[in-house]
1. What are the principal axis extents of the Cα atoms in segment 134-217, in Å, biggest first?
2. Name the lysines eligible as straight-distance cross-link partners of Lys93: C-alpha to C-alpha under 23 Å, and not fewer than 8 places from it in the same chain.
3. What's the long-distance tail for segment 309-349, i.e. % of Cα pairs beyond 13 Å?
4. Give me the distance in nm between label points sitting 7 Å out from Cα along the Cα-to-Cβ direction at Glu277 and His390, one decimal.
5. Which FRET efficiency value, to the nearest 0.05, do you get for Leu250 and Leu357 by plugging their Cβ-Cβ distance into 1/(1 + (r/R0)^6) with R0 = 41 Å?
6. Please give me, ordered by residue number, the trypsin sites (Lys or Arg not before Pro) of segment 147-230 that lie in loop per DSSP and have at most 12 other Cβ atoms within 10 Å.
7. Among Val257, Ala300, Ser336, which residue has its Cα furthest toward the positive end of the charge dipole of segment 219-355, with +1 on Lys/Arg Cβ and -1 on Asp/Glu Cβ?
8. Looking only at Cα atoms, what is the convex hull volume of the chain per residue, in Å³?
Amino acid sequence: MNVIIAGAGEVGGYAAEVFSGAGHNVTVIDVAPEKLRGLDDRLDLRTLQGHCAHHNVLTEAGVERCDLMIAATQVDEINLLTGSLAKAAGAKKTYVRVHHAANYELRNTPLKAKLGIDELICPEHLTARAVSRRLRNPGAIAIEEFGRDQVTIERILVEPKTPAVGQALAEIHLPPNVRVATEECNGAARVADASTKIYENDVVTLFGETKRFEAARKLFRKGKAKHQSVVVMGEASVAVWLVRAMSSRLFSVRMFVHSHARAEELSAKLPHATVIEADPTDSDTFAEEHLENADVFISATEDDEHNILACAQAKQLGVGTLVTVVQRSKYLHLLSHVGIDHSFSPRAEAVQAMSRLFNDEPIRSLAVIAEETAELYEVRPADHSPVLGHDLRNVKLPDRAMVAAIQRGEKVFVPGAEDRIEAGDLVLVIGPRGLEPVLHSMFVKK
C-alpha cells in the first residue's frame with residue numbers, strides 16, 4: 001500500500017515507523033529537513049521537503065496513487081486542508097490528526113464527509129479515554145476502539161450471596177443488551193450457554209452496553225464502583241482532555257497548573273474539577289493539599305522526564321496509583337520498573353487507532369479470554385455475505401459462538417434476536433478459539 005504522511009513530528013514520525021515496518025511504501029512530507037534526515041537515516045521510506053498543503057507537493061509525493069493519507073502536523077487547520085486536498089486529488093483514504101476539541105467535534109457532522117476526510121484522530125482524546133477506562137474499570141478487557149466506550153467487556157469474580165449464585169443463566173434476569181460470555185469454575189473455563197450454572201468464586205466474562213453494565217455487575221458483585229480522588233498535574237491539551245474524561249461522580253479531580261491565567265481559564269471550562277495554581281511536586285504544596293491521601297496521581301505535562309520524576313516522588317510520598325503520559329513511547333516498557341502503574345503515549349494511541357482503521361483483514365482476533373478458552377473476533381462481513389439482512393435468530397452460528405456487538409457507523413450496540421447485520425457493519429463475535437475458518441466461510445467467502 002502507498003502511504004503518505006504529512007508531518008515528521010511525534011505522531012507522524014511514529015506512524016512512519018509503524019507503517020514502513022509493516023511493509024508499506026511510505027512517503028513523509030515536512031518543511032524541516034532535519035526531521036526528515038532523522039527518519040531517512042533509520043527507516044526504509046521516501047522523504048520530501050515541502051509544505052503538505054501545497055498541491056504541487058502532494059502531486060510530487062504521488063497523492064493520486066495514495067491508498068492512505070495521514071495529515072499529522074502540529075497545526076489542525078493545515079491537517080484539515082491537507083486531508084481535503086489529498087482526497088480531491090485521488091487519495092483513497094484520509095486520516096487527519098486534530099488537537100482542539102472544536103475541530104474534533106467535526107467527526108459528528110456532515111462537514112467531515114464534505115471535506116473528504118475519512119477519520120479524525122485526536123491523540124489526546126484517545127489517551128484520555130484510555131486512562132479513564134483503566135481507572136473506572138481495571139478488570140475490563142481491551143477491545144481497542146471497537147466499542148467506542150459504548151460496549152464493555154469485563155471479567156468479574158462472583159461474590160458470595162449475590163443474586164446470580166446458584167442460578168442457571170436462563171434464570172438470571174440480566175438487563176437488556178447484557179450477556180455472559182464465559183464461565184470459569186475451579187480452574188476450568190468454558191463458553192457459557194443458557195444452562196450454565198453460576199457458583200460463588202466463579203469468574204464470569206460479562207459483556208454489554210456500557211450504560212446498563214453497572215446494573216448487571218450487581219448480580220455478581222456487591223457494592224458500587226469505588227469513588228476515587230484524582231490529582232492531575234499539567235495544563236496542556238492532554239491534561240484538559242483527561243479531566244474532561246473524568247467528569248462523572250466516580251471521580252473528584254484536582255488539577256494543578258503553573259499559570260494564573262491558565263488556572264482561571266480552566267476553572268471556567270472544567271466546573272467539575274478544582275483547578276489549583278501550584279506545583280504538586282513542591283513538598284509544601286503536597287503537604288498542604290494532603291496529596292498523600294489521593295487515590296490516583298496523573299502526570300501529564302509536556303515534559304516526559306518531569307512526568308516520570310513527579311510520579312516517582314508521589315509514589316515515595318504514599319499515593320496509591322500512579323499514571324503518567326509520555327510523548328516518547330520508547331519509555332513505556334521501562335516505567336513499570338520504577339513503580340509507575342500505568343503509562344500511556346498519545347502518539348502510540350493515535351497510530352494504533354490508525355493501524356486498526358487501515359487494517360482491511362476481514363477477520364481479526366482482538367483478545368483471548370477465559371484461560372484461553374474463548375476469543376474475541378472482529379469480523380467485516382463481505383457485501384455478498386449470506387448472513388446480511390437476516391434476523392440473528394435465523395443465522396446459524398458455530399456452537400457456543402455469539403454475536404456480542406455490532407458497530408454501525410458511530411453507533412455500537414449489543415444486538416437482540418430480531419436485529420440484523422447490514423452491509424458495512426463491523427461485528428464482534430465471541431466464541432471458542434480457532435473459529436477463523438468457519439467465520440470466514442460464513443461472513444466472507446462467496
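Computed from the coordinates by the stated procedures, all read-outs in this text should not be read as laboratory data. Quantities reported herein were computed from a predicted structural model and do not represent experimental measurements. Glycine also receives a Cβ, built like all others from the backbone with ideal geometry; neighbour counts cover every protein chain displayed.
1. Here the Cα extents, ordered largest to smallest, are 34, 27, 22 Å.
2. Excluding near neighbours in sequence, the set is Lys112, Lys114, Lys411.
3. 48 percent
4. It is 6.7 nm.
5. Details: r = 30 Å, r/R0 = 0.72.
Step by step, r from the Cβ atoms, then E = 0.85.
6. Listed in order of number, the matching sites are Lys161, Lys222, Lys224, Lys226.
7. In segment 219-355, that residue is Ser336.
8. Values: hull volume 73.2 nm³, N = 446.
Here the figure is 164 Å³ per residue.
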